[in-house]
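Visitor: First, the structure itself, so that you have it in front of you.
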Amino acid sequence: MDILQTMQNRSAIAKKRFGQNFLRDESVVAQIIQSMPLTPHRIAEIGPGLGDLTKYLVDVKSVTAFEVDTDLCKHLQHQFADAIATNKLTLRCGDVLETWKSALLDEPYDLVANLPYYIATNIILKALADPACKNMLVMIQREVAEKFSAAPNERAFGALSVITQSVADVSIVLHVPPTAFEPAPKVDSAVLLIRKTANRKDEEFEEMLRSAFTQPRKTLYKNLTARYDGAVVTQAFETLELERTLRPHQLSTSDFHRLYALLQ
Ligand code: SAM
């Protein structure tokens, strides 16, 4: 059946394997548009779906959109024929992760998207490393958004928070209930604003973070001595005047960088 005829029943066309939960609450779309960073950059949208966000994005900026679902792609080509003809929209059909090498676009861009949740963390980490990506405004699962934005001592603070906050300012700008989508997801969502100040690149630093948070309830000291020489860790803790009883979530992002420098 033609997608245009089934638009009234989004649940019927949604493909679970592509993480399709279509945004139907126009007020949420409006708040996303209002929260967009004011920059001259092109917009990259991953997963335009039925075009509910895309139709507003092309009104304000030039957009490149990546859609894996060939049925939706055909629909978008038809719906946005004018925007495509006038180069306001470039549509790329296929899996974004397969086409994404070191840079997603060959010009600076801001990522604005209601992301497919099954690959959202992967996409954000790739965009943090991508020098062409300047900012992100992305809807993801709320619990995951909190891991990116958490401050030290908060329950969700972990390796993802430190990795992201080392190269960006991060905040949640909107909480979105399941009822804003069709079909409704089983989880709450949130819109995350990530303003990059640098590009993620230090793999060894991230390895250290993974060790630091391997067992979050254990002490940071114990987690680190599983990877590093005990005497080196002891010396680093003494230099930074850190208590051995500290849990990993109690350290700040800048303390993690100081610790890393001493462990090298
Ligand atoms: N933007 C639409 C909206 O807000 O209603 C749809 C969002 S829906 C949560 C996620 C979209 O990402 C779907 O259109 C899905 O087909 C697409 N998608 C899933 N995996 C993808 C991939 N690997 N590459 C490109 N698009 C993908």
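Throughout, read-outs are computed from the coordinates displayed, never taken from laboratory work. Everything numeric here is computed off the predicted structure, so don't read it as measured data. Cβ sites come from the backbone with ideal geometry, for glycine too, and all protein chains shown count toward neighbours.
Visitor: Using only Cα atoms, figure out Rg for segment 118-188 and give it as a multiple of 2.2 N^0.38 Å.
Guide: On the way: Rg = 12.8 Å, N = 71, 2.2 N^0.38 = 11.1 Å.
Expressed relative to 2.2 N^0.38 Å, the Cα Rg reads 1.15.
Visitor: Apply the Debye scattering formula to segment 10-80, with a single equal point scatterer on each alpha-carbon and no solvent, then give log10 I(q)/I(0) at q = 0.13, 0.22, 0.28 Å⁻¹.
Guide: Log-scaled intensity ratios, in q order: -0.39, -1.05, -1.44.
Visitor: Residue-wise, which Karplus ³J(HN,Hα) couplings in Hz belong to segment 62-67, taking 6.51 cos²θ - 1.76 cosθ + 1.60, θ = phi - 60°, and x for glycine or proline?
Guide: 7, 10, 10, 10, 10, 10
Visitor: Defining a contact as two alpha carbons under 8 Å apart and six or more residues distant in sequence, what relative contact order in percent does the chain show? Don't skip to the answer; put the middle values down first.
Guide: On the way: 430 pairs, mean separation 42.9, N = 264.
Averaging sequence separation for qualifying contacts and normalising by length gives 16 percent for the chain.
Visitor: Spit out the partnerless Cys residues in the chain, using Cβ distances under 4.7 Å as the pairing rule.
Guide: When partners are defined as cysteine Cβ atoms under 4.7 Å apart, the chain leaves CYS133 without one.
Visitor: Identify, among GLN215, PRO48, VAL191, the residue whose Cα sits farthest towards the positive end of the charge dipole of the chain, taking +1 on the Cβ of Lys and Arg and -1 on the Cβ of Asp and Glu, with the dipole about the Cα centre.
Guide: Selected residue: GLN215.
Visitor: From the P(r) of segment 141-264, can you give the percent of Cα pairs sitting at distances over 21 Å?
Guide: Working: 3339 of 7626 pairs.
Beyond 21 Å sits 44 percent of the P(r) for segment 141-264.
Visitor: At a Förster radius of 51 Å, what calculated FRET efficiency corresponds to the Cβ-Cβ distance of THR239 and ALA184, to the nearest 0.05?
Guide: Working: r = 52 Å, r/R0 = 1.01.
So, using R0 = 51 Å, E works out to roughly 0.50.
Visitor: Same structure again: If you take every DSSP beta bridge whose two residues both sit in the chain, what share of them, in percent to the nearest 5, is antiparallel? Intermediate results must be reported in sequence, preceding the final value.
Guide: Values: 17 of 35 bridges.
Taking every DSSP beta bridge within the chain, about 50 percent pair in antiparallel fashion.
Visitor: Please enumerate, by chain and number, the aspartates and glutamates with C-alpha under 15 Å from the C-alpha of LYS196, excluding those fewer than 8 residues away in the same chain.
Guide: ASP110, ASP130, ASP169
Visitor: Something else about it: As a check on your grasp of the helix formula, calculate [θ] at 222 nm for the chain: sum -39500 (n - 2.57) over DSSP H runs of n ≥ 4, divide by the residue count, round to the nearest 500.
Guide: Details: 14 runs with 105 residues, N = 264.
Roughly -10500 deg cm²/dmol at 222 nm, from the helical runs in the chain.
Visitor: Just check segment 203-263 against the gyration tensor rule for me: Cα atoms, a ≥ b ≥ c as the square roots of the eigenvalues, rounded for a/c under 1.5, and otherwise prolate or oblate depending on whether a/b exceeds b/c. Write out the running numbers ahead of the final one.
Guide: On the way: a/c = 1.16, a/b = 1.06, b/c = 1.09.
Verdict is rounded for segment 203-263.
Visitor: Given Cβ point charges of +1 (Lys, Arg) and -1 (Asp, Glu) and nothing else, what value in debye, to the nearest 20, does the dipole of segment 63-209 about its Cα centre take?
Guide: Values: 14 positive and 21 negative charges, 53 e Å.
Once rounded to the nearest 20, the dipole reads 260 debye.
Visitor: Among LEU111, GLN20, ILE84, whose Cα projects farthest towards the positive end of the dipole of segment 3-196, with charges put on the beta-carbon of Lys, Arg (+1) and Asp, Glu (-1)?
Guide: With unit charges placed on the Cβ atoms, the residue in question is GLN20.
Visitor: Name the shape class, rounded, prolate or oblate, that the alpha-carbon gyration tensor gives for the chain, where a ≥ b ≥ c are the square roots of its eigenvalues, rounded holds for a/c under 1.5, and otherwise prolate holds if a/b is larger than b/c and oblate otherwise.
Guide: prolate
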